[in-house]
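The values are calculated or read from the model by the stated rules, or taken from the named source; none is laboratory data. Just so we're clear, the structure is a prediction, and the values are computed from it rather than from any experiment. Note that we place each Cβ from the backbone using ideal geometry, even for glycine, and neighbour counts take in every protein chain shown. Side chains are part of the model used for accessible areas, which takes the heavy atoms of the whole protein and leaves out ligands, DNA and RNA. Shrake-Rupley method; radii C 1.70, N 1.55, O 1.52, S 1.80 Å.
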Amino acid sequence: MTNLVIRNARLVPVAAGDTAPDSPVDVVVQHGTVTQVRPGAERAVGVEEIDAAGRWLSPGLWDQHVHLAQWTLASQRLDLADARSPEEVTAAVAERIGAFPGTPVVGWGHRSGGWERDVTVSELDAVSGDTPVVLISGDGHHAWLNTTALMHLAMPVRDSVVRETEWFSVYPRLVTLVGNDGTSPEAFRRTLDAAAAQGVVGVTDFEFGGGAAEWAERWAAGCDRLRIRWATYADSLGEVIAAGLRTGDRLPGCDDRATMGPLKIISDGSLNTRTAWCCEPYADAYRLEYPSGQPNLSGAELRDLLGRAQRGGLEVATHAIGDAAVAEALAAYADTGARGSIEHAQLVSRDDVRRMAELGIRASIQPAHLLDDRDLTEKIWPGRAGRCFAFRWMLDDGVELALGSDAPVSPLDPWLAIAAAVHRSADERDPWHAEQALTPREALAASVDGQSTVAPGSRADLVLLDSDPVAAPGGDDTGTTAAALRDTRAALTVVAGLVVHRDL
């Protein structure tokens with residue numbers, strides 16, 4: 001790896017109890033590791049030297065939950081995030097088809113959970129004719145397709161949306177409808193470069209379909225920019241185990257920046273789709289086939305998957321949004337001895353937070369989701385909002401936190417996630433259950449993959465920032481602090497000692 005000296009950098013104190021020098025220091029990187037942190041460090045001949053000019057140096061940021069191909073495709077899709085009714089969606093679809101006749105339409109971002117009625121395939125057919133239309137909800141857990149698209153994707157024709165497991169199974173077949181130009185190595189490279197420009201040094205990729213071989217192909221084609229942890233799903237678990245891949249192993253065809261991640265299990269649904277599995281019914285349960293949501297797997301199926309992963313040396317990332325799903329996932333971890341994370345943990349009981357800590361299960365959380373889900377939660381989970389996005393409970397009870405975005409559900413933007421964890425509001429309203437907020441330092445510590453303040457022996461995954469990310473410029477005014485966090489700019493990003501972004 002390239003050797004490097006960063007001079008005149010102020011260190012950001014990250015973990016609780018960490019301290020940093022009062023004045024700038026020099027940081028020496030050799031073979032992907034920080035070897036010296038002190039003023040006046042010597043530079044060997046031929047080693048690159050960068051003047052930080054008093055900027056702040058922190059461990060690089062991670063996004064621990066990304067669907068990387070979907071995020072890469074997001075810029076090419078019809079943006080429906082602002083649609084407030086089915087009629088607004090169909091009008092946008094009609095406009096797109098009018099502008100590009102015959103071109104299949106793939107939309108992203110509508111949130112029907114707040115609409116007053118369910119949508120139908122018939123009304124989408126009325127504005128689309130024979131042009132295939134696939135509209136993916138903003139939570140990724142259902143899609144509204146027209147009849148042409150249903151038939152093209154070999155799905156039973158119906159007059160309702162496609163939800164949960166059925167949708168996840170068909171998603172990889174979208175390539176037969178729209179091609180794969182949007183997920184070429186060049187497109188992935190642009191996505192990775194954009195992440196590096198925000199100080200991101202690594203992501204955990206939970207993309208549906210594909211396999212480790214695809215990452216080897218991308219790696220060889222120049223997508224070796226950031227650290228990648230690739231997750232498998234149940235359908236490819238057997239192949240991963242047969243190949244002897246364990247969590248942390250280098251992916252075949254890549255270097256040690258690309259490694260095997262966890263088994264991903266989607267144990268329940270989502271708030272927006274009203275399929276998150278809860279202990280109590282939804283407020284509008286009369287509209288639902290399953291008044292409290294439902295699990296996607298039986299208890300036996302869940303334990304079988306966790307047991308297979310544990311025996312195969314894989315961690316497990318279990319999607320669980322409703323409180324019933326969280327409780328069942330924790331029971332399955334306890335029964336099987338598996339290790340890993342609860343992904344989302346959106347609605348929890350205090351006892352289950354304590355159970356998570358006892359079992360050593362991480363909470364992989366996406367704070368920006370609370371900005372979108374605030375109003376819908378109050379509407380359909382009344383009286384439960386104090387148990388939603390319970391970051392303070394988790395931290396105080398000893399649960400390890402890992403921040404991410406779930407991109408494209410939220411943007412791949414670590415500063416948006418950190419700001420949301422600190423302020424818990426996207427508008428002029430007061431923070432939503434401010435008692436569950438984190439401090440800037442706590443949120444940053446949950447965003448750097450367990451790294452502490454930069455010191456000799458640290459991984460040379462570093463970001464140089466124009467401002468101090470753990471300061472609170474607004475004091476008790478978390479809104480001002482959050483605004484400053486969202487504006488944080490990365491001047492330099494280094495991965496394994498290699499400069500991958502420079503804007504000095």
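Any chance you could look up the accessible area of Ser447 with a 1.4 Å probe, heavy atoms only, rounded to 10 Å²?
For Ser447, solvent-accessible area is about 0 Å².
Taking amide H positions as placed in the peptide plane 1.01 Å from N, state which residues far from Asp51 in sequence (5 or more) or on other chains have amide H under 5 Å from it.
Arg7
State which helices in the chain qualify, where a helix is a whole DSSP H run, it must extend 15 Å or more along its own axis by its Cα atoms, and its mean Kyte-Doolittle hydropathy must be at least 0.0.
Flagged H segments are 86-99, 323-336.
Normalise the Cα radius of gyration of segment 24-93 by 2.2 N^0.38 Å (N = residues in it) and let me know the number.
2.10
Given the protein chains as shown and a 1.4 Å probe, how many square angstrom of Thr165 are accessible, to the nearest 10?
For Thr165, the solvent-accessible surface is approximately 80 Å².
Under 5 Å between amide H atoms, partner at least 5 residues away or on a different chain: which partners does Val500 have, H built in plane at 1.01 Å?
Amide H neighbours of Val500, under 5 Å, 5+ apart: Thr493, Val494, Val495.
Hey, got a sec? Which GluC sites (Glu not before Pro) in segment 196-289 land in a DSSP loop and have at most 14 other Cβ atoms within 10 Å?
Hits after loop and neighbour filter: Glu289.
As an exercise, find the ratio Rg/Rh for segment 1-47 from alpha-carbon atoms, using the Kirkwood inverse-distance average for Rh.
Working: Rg = 11.6 Å, Rh = 11.5 Å.
Reported Rg/Rh, Kirkwood definition of Rh: 1.01.
Binning every alpha carbon pair distance of segment 1-158 at 5 Å from zero, what are the percents per bin?
2, 8, 13, 14, 10, 6, 4, 5, 6, 7, 10, 9, 5, 2, 0
Could you tell me the relative contact order of the chain? Use alpha-carbon pairs under 8 Å, at least six residues apart, and round to a whole percent.
So the answer I get is 19 percent.
Keeping the other protein chains in place, figure out the carbon and sulfur percent of the accessible area of the chain, with a 1.4 Å probe.
Of the solvent-accessible surface of the chain, carbon and sulfur hold 49 percent.
For Gly107, enumerate residues with amide H under 5 Å from its amide H, sequence gap 5+ or separate chain, H modeled in the peptide plane.
Leu78, Val134, Leu135, Ile136
Based on Cβ point charges of +1 for Lys and Arg and -1 for Asp and Glu, what charge dipole magnitude is obtained for the chain about its Cα centre, in debye rounded to the nearest 20?
The dipole of the chain has a size of about 880 debye.
Not counting ligands, DNA or RNA, and with a 1.4 Å probe, what is Glu48's accessible surface area in Å² rounded to the nearest 10?
Rounded to the nearest 10, the figure is 70 Å².
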